[in-house]
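The values are calculated or read from the model by the stated rules, or taken from the named source; none is laboratory data. This is a predicted model, so every value here is computed, not measured. Counting neighbours? That spans all protein chains shown, and the Cβs are built from the backbone with ideal geometry, glycine included. For accessibility, only protein heavy atoms count, side chains too; no ligands or nucleic acids. Shrake-Rupley method; radii C 1.70, N 1.55, O 1.52, S 1.80 Å.
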Amino acid sequence: MFNPTQEEVRNFFCNVYAKHRDGLPMEALETIAAGWIDAHPEYHADLADADAAVTRVYDGKNGQENPFLHLSMHLSISEQCSIDQPRGIRQAVELLAARSSLLDAHHAAMECLGRMMWEAQRAGRPPDGEAYVDCVQRKATRD
């Protein structure tokens, strides 16, 4: 299983941003990441300075979220949808996207994903994929 360090994750996104900006060839995962980076121009300054990005502390103060966590969640949800794991996540995200946009659907799914991970950590148990999908489905079907 791939378990990158914080520095490796940050360098990955900074390198993708640089490759994309410079029109260089990218691997498939990098292409997906570049799409999410394009959707978040507010992160471009953070991604442009890899040295600063590696050492910067994103603690939520001043209302600034961690762009690397956010982009990583986009990649996770993209991968989950591509293989439909947990089962039903693809349909739930597609239903959400049909209501607004894929970007908005991912952001709504992120709330559910974050809640599932927090609850699992708090309870000391494995993540509950069914509860995660149920949460996304509820968001997709509420009026």
Per the list (1) more than 14 Å from the chain's Cα centre (by Cα); (2) surrounded by fewer than 20 Cβ atoms within 10 Å (Cβ to Cβ); (3) under 18 Å from K139 (Cα atoms), residue check on I89 breaks on (2)
Reported set for the range 98-139 where residues are surrounded by fewer than 18 Cβ atoms within 10 Å (Cβ to Cβ) and of a type in the set (A, V, I, L, M) is A98, L103, M110, M117, A120, A123, A131
Restricting the range 40-65 to residues that are open to solvent by 40 Å² or more (accessible area, probe 1.4 Å) and not in a helix (DSSP H, G or I), the one farthest from V133 (Cα to Cα) turns out to be D49
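Just wondering, is there one or more residues in the range 17-35 that are exposed (fewer than 10 other Cβ atoms within 10 Å of the Cβ) and either touching a strand residue (DSSP E or B) at 6+ places or on another chain (Cβ under 6 Å) or of a type in the set (A, V, I, L, M) (or both)? Break it down stepwise before answering.
Pass one, the range 17-35, residues exposed (fewer than 10 other Cβ atoms within 10 Å of the Cβ): 22-23, 25, 28.
Narrowing further to those that are either touching a strand residue (DSSP E or B) at 6+ places or on another chain (Cβ under 6 Å) or of a type in the set (A, V, I, L, M) (or both): 28.
Looking through the range 17-35, at least one residue is exposed (fewer than 10 other Cβ atoms within 10 Å of the Cβ) and either touching a strand residue (DSSP E or B) at 6+ places or on another chain (Cβ under 6 Å) or of a type in the set (A, V, I, L, M) (or both).
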Note on the range 121-136: residues among the small types (G, A, S) and either under 20 Å from H106 (Cβ atoms) or under 17 Å from the mean Cα position of the chain (by Cα) (or both) are G129, A131
Note on the range 121-132: residues of a type in the set (G, A, S) and either more than 18 Å from I77 (Cα to Cα) or in contact (Cβ under 8 Å) with a residue 40 or more places away in the chain (or both) are A123, G124, G129
